[in-house]
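Read-outs throughout are calculated quantities, based only on the coordinates presented, and are distinct from any laboratory measurement. A quick note: this is a predicted structure, and the numbers were derived from the prediction, not measured. Here Cβ is always computed from backbone atoms with ideal geometry, including for glycine, and neighbour counts include all displayed protein chains.
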Amino acid sequence: MQTIDQQYADLVRRQVLVIKEQPDYKKYGAMAHKLPILIHTAGLLQALEFVNSRGEEIQKRLLEDLASTIGQHNTTTLLTAVRGANLGAYMRLTRHILGALLWYKRFAQSILGIETGEETTGSGEKQ
């Protein structure tokens, strides 16, 4: 039986390997680095809604992948669950999402080659 961390690592690794084939994969990796910081500063719901409403398609893909990693069907069900959660469930969701995002960040570094603080332009090149 795998631990939650092992399950997250396996799922996220497979997702990031698929993203590596996309031309704008660096934006996905950059958001994987930024999202935990957004969650800590703005809160879980606000951070997820921000990416969902203002992010580019590849960044929204991170939310889709994150939703499936923590057992939600898609971004819509994830956001609905977060919006309707009582305090205990909200805190639990936050812990699970931050735990999964740790693996997204690690694989963004190791597979995608994205470092913390790296900004990308529309072409996927470093600024």
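Want the number for THR41 to ASP10: 0.36 nm per residue separation, take away the alpha-carbon distance, what's left?
8.4 nm
³J(HN,Hα) across region 97-106 via Karplus (A = 6.51, B = -1.76, C = 1.60, θ = phi - 60°), whole Hz, x for Gly/Pro?
Coupling constants for region 97-106: 5, 5, x, 5, 5, 4, 6, 4, 5, 4 Hz.
What FRET efficiency comes out for the pair SER53/LEU87, r = Cβ-Cβ distance, R0 = 25 Å, nearest 0.05?
0.55
With every atom except the alpha carbons ignored, what do you get for Rg and Dmax of the chain, in angstroms?
Looking at the chain, its Cα Rg and Dmax stand at 13.8, 44 Å.
What is the local net charge at ILE58, summed over the other residues whose Cβ is closer than 14 Å to its Cβ (Lys, Arg +1; Asp, Glu -1)? Kindly include the intermediate steps, with their values, before the conclusion.
Numbers: positive: LYS20, LYS26, LYS27, LYS34, ARG54, LYS60, ARG61; negative: GLU21, ASP24, GLU56, GLU57, GLU64, ASP65.
So the environment of ILE58 carries a net charge of +1.
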